[in-house]
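Right, one structure below, let's go through it.
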Amino acid sequence: MLPDDLLALAKDIAVEAGELLLAKRPARPEVIDTKSSPTDVVTALDRETEDLIRARIKAVRPADAILGEEGGDVPGAVPGQGRVRWVVDPIDGTVNFLYGLPAWAISIGVEVDGEIVAGVVNAVPMGELYTAVKGGGAWLAGERLHCNTGVPLDRALIATGFGYAASRRVVQAEVLAQVLPRVRDIRRGGSCAVDLCSVASGRVDGYYERGTQYWDHAAGGLIAAEAGARIGGLHGKPYNPELTICAAPGLFEELHDLLAALDPERDAPTGA
Ligand code: 2AM
Ligand code: CA
C-alpha cells in the first residue's frame, strides 16, 4: 500500500472516530459534577475510540502493528521490510475535551519501516482535518500549508505545554520565565498535535514542549515538517519525549539555543 493509500485509510478512520467522540462527549457539567473522577469518563471514551480505530485498521490491514496511547504496542504479524505501524492518539488534548475547549484532536500517524510517511490530525471541534504524506506537503481543506518563515525569536509567537507532574511544572515555569521576555508571546493550547498543526498553518511561529509522547507528535510532526518546519530535540537529537522543538529553520535554531541554555530537561526523566 502506498503512503497515499495509507493516508486515505487514516483519514476515513479519523473522521469516523471524530463522529463517535462528538456524539458521545458528555456535556461539561455532567462530567465535572460526576462523583467519579472526570478523568475516568474521558479515559473510557479514549479507550472506546482507540478500540474503534484499532478495529478499523485491523479490518483492512490485519498484519499491521499498532501503537496506541490506551492499548500499548500490538506487534504486527509480518515484521521486517515494509512493516507498517500505526501510531494512534484517540484524544490528544484530553483536558480541553473535558472542559469543552476546541483544541483537541484525533491523531493517527503511519510508519513504514520506522519512519512516519503519512499523518492525519482531525481537530474535530475546529472542523479541521490536517493531512500530510512524506514528500507530498501538508494540507488543510485543499490548501497546501506553509509555516511562517523569517520570524526572529523576539517577534515569535510560541506555543508550549506543561506536564502533569508538579515537580516537572516547577522547572517548566522557570524555563518559561526566561523564554517569555524574549518572544512576542506564549500560547498554551493544550494539544501537542494541534500545536504542531498550528506551526504548519502559521497560527503560531514555533512550539516547544517537554514530556509529550510519540503518539502526540507522530502525525503532527510530519504535518509541520511537510509545511517547511524543522522538528527536533536538543543538541541534534530527533524529536523525542524529553523535548520537542518545532519552528521554521532559523527560528528553530534560535529557540533551540535559548532552551538549551536553560537546561529544560533537568527535572526527572520523562515517564518518572
Ligand atoms: P493528552 O491530552 O493525550 O494527555 C498537553 O500539554 C499536551 O501534552 C497534550 O498533547 C497531552 O496529551 C500531552 N501529554 C502527553 N503526556 C503528557 C504528560 N505526561 N503530561 C502532560 N501532557 C502530556
Ligand atoms: Ca496525547
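Given 25 °C and 0.890 mPa s, compute D for the range 181-231 with the Stokes-Einstein relation, Rh being the Kirkwood radius over Cα pairs; round to the nearest whole µm²/s. Could the numbers behind the result be given before it?
Details: Rh = 11.1 Å.
Once the numbers are plugged in, D ends up at 221 µm²/s.
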From the P(r) of the range 87-215, can you give the percent of Cα pairs sitting at distances over 24 Å?
32
When only Cα pairs under 8 Å and 6 or more residues apart are kept, what is the percent relative contact order across the chain?
16
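Kyte-Doolittle mean at least 0.0 and Cα extent at least 24 Å along the axis: which DSSP H helices of the chain qualify?
3-24
Multiplying the sequence separation of Asp5 and Arg182 by 0.36 nm and subtracting their Cα-Cα distance, what value in nm do you get?
Details: separation 177, 0.36 × 177 = 63.72 nm, distance 4.34 nm.
Additional length available on full extension: 59.4 nm.
Determine, for each peptide in 178-189, 229-240, the mean count of other beta carbons within 10 angstrom over its residues, then list the peptides with the highest first. Spell out each step's value before the answer.
Working: 178-189: 14.4, 229-240: 16.4.
Going from most to least packed, we get 229-240, 178-189.
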Under the Debye formula (equal points on every Cα, no solvent term), log10 I(q)/I(0) of the chain at q = 0.09, 0.10, 0.14 Å⁻¹
-0.39, -0.48, -0.96
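Would you mind telling me the antiparallel percentage of the DSSP bridges in the chain, rounded to 5?
80
Relative contact order of the range 137-209: what whole-number percent is it, with Cα pairs under 8 angstrom and at least 6 residues apart? Kindly include the intermediate steps, with their values, before the conclusion.
Numbers: 96 pairs, mean separation 34.1, N = 73.
Computed value for the range 137-209: 47 percent relative contact order.
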For Glu115, what is the net charge nearby, where nearby means another residue's Cβ is under 14 Å from its Cβ and Lys, Arg count +1, Asp, Glu -1?
0
Beta carbons within 10 angstrom, averaged per residue: use that to sort the peptides 114-123, 160-169, highest first.
114-123, 160-169
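No value in this document is a laboratory result; all are computed from the given coordinates. The model shown is predicted, which means the values in this text are computed figures rather than measured ones. Cβ coordinates were reconstructed from backbone atoms using ideal geometry, including for glycine residues, and neighbour counts include every protein chain displayed.
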